[in-house]
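The block underneath contains the structure these notes are about, expressed in structure tokens.
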Amino acid sequence: MSWVSILPALIVTGALLFLPGLLLGFLLRLRGMRLLALAPALSVSLVAVAALAAPFVGIRWSLLPVLILTAVAAVAAYFWSKHVGKPALLRQSSNARQLVAVIVSIVVPALLIAFVLVRSMHDPEFFSQRYDNFFHLNAVQYVLDTGNASPLWLGSMTSPAGVPFYPSGWHAMVSIIVALSGASVPLASNAMIIVVAAVVWPIGVVFLVRELLGRNQILSVIAGALAAAFPAFPFLLLHYGVLYPLFLGLAVAPAAIVVAWWLLRPGRVPRRQDWALLLVLVVPGLGVAHPGALMAVVALTVPFVLARLLHQMRTPGRPRLIGIGLLVAYAAAGVVLLQVVRPPASQIYWPIINTVPDSIGEVVAASVYGYPSSLGITALMIIGAYSVIRRGTYARWSILAMAVISAVLYIIVSASPYETLRFWFTAPWYNNPPRIAAFWAIGVLPLAALGGIVLVTWLLRQRLLVPVRRFFERLPIVLIAIV
């Protein structure tokens, strides 16, 4: 089959992943990169909540519940922005060079990732022969046949007694793509894979790095390059399993991490309630896409929470009491999440795959789960870590802490001889090394980006990249002239 046949499904997929979220985000006065990057996370949440609510109000699953919920959310967002929100909080300025840098940082990795995926698929109708995919493809058809995409229902396909919860965000979205585009289930699934991996993921990565480290043009390009440089994500979950629900959740996770970053950062952040609302809005999508993605965000944002608590506790009087209260609340929430999200012990049966030294070596060599070593990424991570130690800031220490947390979790899940330790720290991901290897990429990518900008800055000071810098300085003028 010709690849032209997938175009309608790709267009519908892009519209479903972006348009509902763009409308909601725009009414919440998000603009620029923030609007673009948060749109998929908001759209996934709208689809997830609609899928959960539709059976309770007697509506068969289709695009209609999504449209109804989007309309209700849009009205609520309008009134929130008018009476509670503050426009200045979300206003961004940009220039032609920044715009070109952002476009390049998104388009280049998108093309590279799409090229790899198209070559691996061979045909738009072909589907992965891996074990889990037989469930996922049939689950989409089950949603179409029963008219129910609720996570409280989907597990009944394989268990007559019913499964209390099965993450159905992926299947709900693919079923709508099938219904609207007329594509087959395998073709619609492939369209979803391409858009999520080649569009949603690079946008989220560039957004994450820019918000944590600044809106430098070169930094944006480095972030985009790194989005296509880690095989652990987005490619690992597409050939192991396959784990489409976790793949979708982790693709929108960078946007959720940024929201948590803005909400929890110490100091004066105007109108924190806007960021609190956005966090509330993106959490349902993460949870229904896959609870493992939600727990990955929780794990990677621990440094933000601790930094905020330390800041509060250093402030005398009422803020210190608030900090202690937040610490207790956070610890309690973490215990509850571990109990709720952690699967039954009978399903946590993956053994270790390495020794501790081997796993440490994989982390250092950027070769988690047996991928070939990447000395370039290793060098960038080392440079990034050195720059944190030498000139640490709140943002830089947070980035290093994210990398350390993801690395430690991978070492525990892949090599710890203590099953109790694995049960408490990695059971939410079934003690399954590939799942943690996938979000390890999210945890270390900002550190590698920091190393990249430090290296490039040093080279520019040595005048080794002056011709390159002049080329990029003139690039916006050349592109405008061509257009």
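The values are calculated or read from the model by the stated rules, or taken from the named source; none is laboratory data. It should be emphasised that the depicted structure is a prediction, and the values quoted were computed from it without experimental measurement. FYI the Cβ positions are ideal-geometry reconstructions off the backbone, even for glycines, and counts take in every protein chain you see. When the accessible area is computed, the model is the full protein with side chains, heavy atoms only, and any ligands, DNA or RNA have been set aside. Shrake-Rupley method; radii C 1.70, N 1.55, O 1.52, S 1.80 Å.
Couple of notes before you dig in:
- Within the stretch 55-73, the set of residues being in contact with a Phe, Trp or Tyr (Cβ under 9 Å, 6 or more places away or on another chain) and either closer than 20 Å to Leu19 by Cα or loosely packed, with under 13 Cβ neighbours inside 10 Å (or both) is empty.
- The residue list Val280, Val259, Val328 contains one member that is open to solvent by 20 Å² or more (accessible area, probe 1.4 Å), at negative phi and at pLDDT 90 or above, which is Val280.
- Which listed residue is touching a Lys or Arg at 6+ places or on another chain (Cβ under 8 Å) and modelled with pLDDT under 95, from Gly241, Gly182, Gly155: Gly241
- Any hit, the stretch 208-231, residues being out of contact with any Gly (no Cβ under 8 Å at 6 or more places or on another chain), under 15 Å from Tyr142 (Cα atoms), modelled with pLDDT of 95 or more and aliphatic (A, V, I, L, M): no
- The stretch 434-455: number of residues that are farther than 23 Å from Ala256 by Cβ and either open to solvent by less than 10 Å² (accessible area, probe 1.4 Å) or modelled with pLDDT of 95 or more (or both): 2
- Every listed requirement among (1) under 22 Å from Val200 (Cβ atoms); (2) surrounded by 15 or more Cβ atoms within 10 Å (Cβ to Cβ); (3) at pLDDT below 90 is met by Ala50 save one, (3).
- Subset of the stretch 139-158 [open to solvent by 60 Å² or more (accessible area, probe 1.4 Å) and either over 24 Å from the mean Cα position of the chain (by Cα) or farther than 30 Å from Leu52 by Cβ (or both)]: Gln141, Asp145, Trp153, Thr158
- In summary, Ile405 fulfils each of the numbered conditions (1) over 21 Å from Gly214 (Cα atoms); (2) assigned to a helix (DSSP H, G or I); (3) at pLDDT below 95 with the single exception of condition (3).
- Yes/no for Pro245 being open to solvent by 10 Å² or more (accessible area, probe 1.4 Å), outside any loop (DSSP other than H, G, I, E, B) and over 18 Å from Val107 (Cβ atoms): no
- The one condition in (1) touching a helix residue (DSSP H, G or I) at 6+ places or on another chain (Cβ under 7 Å); (2) in a helix (DSSP H, G or I); (3) among the hydrophobic types (A, V, I, L, M, F, W, C); (4) more than 22 Å from His171 (Cα to Cα) that Leu30 fails to fulfil: (2)
- Subset tally (residues that are surrounded by fewer than 22 Cβ atoms within 10 Å (Cβ to Cβ) and either among the hydroxyl-bearing types (Ser, Thr, Tyr) or not in a loop (DSSP other than H, G, I, E, B) (or both)) for the stretch 222-233: 1
- Qualifying residues in the stretch 159-180 (those that are more than 18 Å from Val297 (Cα to Cα), among the small types (Gly, Ala, Ser) and buried (at least 20 other Cβ atoms within 10 Å of the Cβ)) - the one nearest to the chain's Cα centre (by Cα): Ser168
- Against the criterion of being on the phi < 0 side of the Ramachandran plot and out of contact with any helix residue (DSSP H, G or I) (no Cβ under 8 Å at 6 or more places or on another chain), Ser220 does not qualify.
- Residue match in the stretch 456-475 (condition: at pLDDT 90 or above, of a type outside the set (A, V, I, L, M) and part of a helix (DSSP H, G or I)): no
- Boolean, Arg422 is in contact with a Leu (Cβ under 8 Å, 6 or more places away or on another chain) and either modelled with pLDDT of 90 or more or within 30 Å of Ala345 (Cβ to Cβ) (or both): no
- Residues of the stretch 1-22 satisfying the condition of being surrounded by 23 or more Cβ atoms within 10 Å (Cβ to Cβ), over 18 Å from the mean Cα position of the chain (by Cα) and β-branched (Val, Ile, Thr): Ile6, Val12
- Qualifying helices (runs of 4 or more DSSP H) (wholly inside the stretch 152-218; at least 3 residues being touching a residue at least 40 places away in the same chain (Cβ under 8 Å) and in contact with a Ser or Thr (Cβ under 6 Å, 6 or more places away or on another chain)): 185-195
- Selection count, the stretch 25-44, where residues are more than 21 Å from Ile103 (Cβ to Cβ) and open to solvent by 10 Å² or more (accessible area, probe 1.4 Å): 3
- Of all residues in the stretch 108-138, those that are part of a helix (DSSP H, G or I) and surrounded by 14 or more Cβ atoms within 10 Å (Cβ to Cβ) total 16.
- Residue match in the stretch 86-93 (condition: of a type in the set (D, E, K, R), closer than 18 Å to Phe207 by Cβ and at pLDDT below 95): yes
- Residues that are part of a helix (DSSP H, G or I) and either polar (S, T, N, Q) or touching a residue at least 24 places away in the same chain (Cβ under 8 Å) (or both), drawn from the stretch 51-78: Ala51, Leu52, Ala54, Pro55, Leu63, Val66, Thr70, Ala73, Ala74, Ala77, Tyr78
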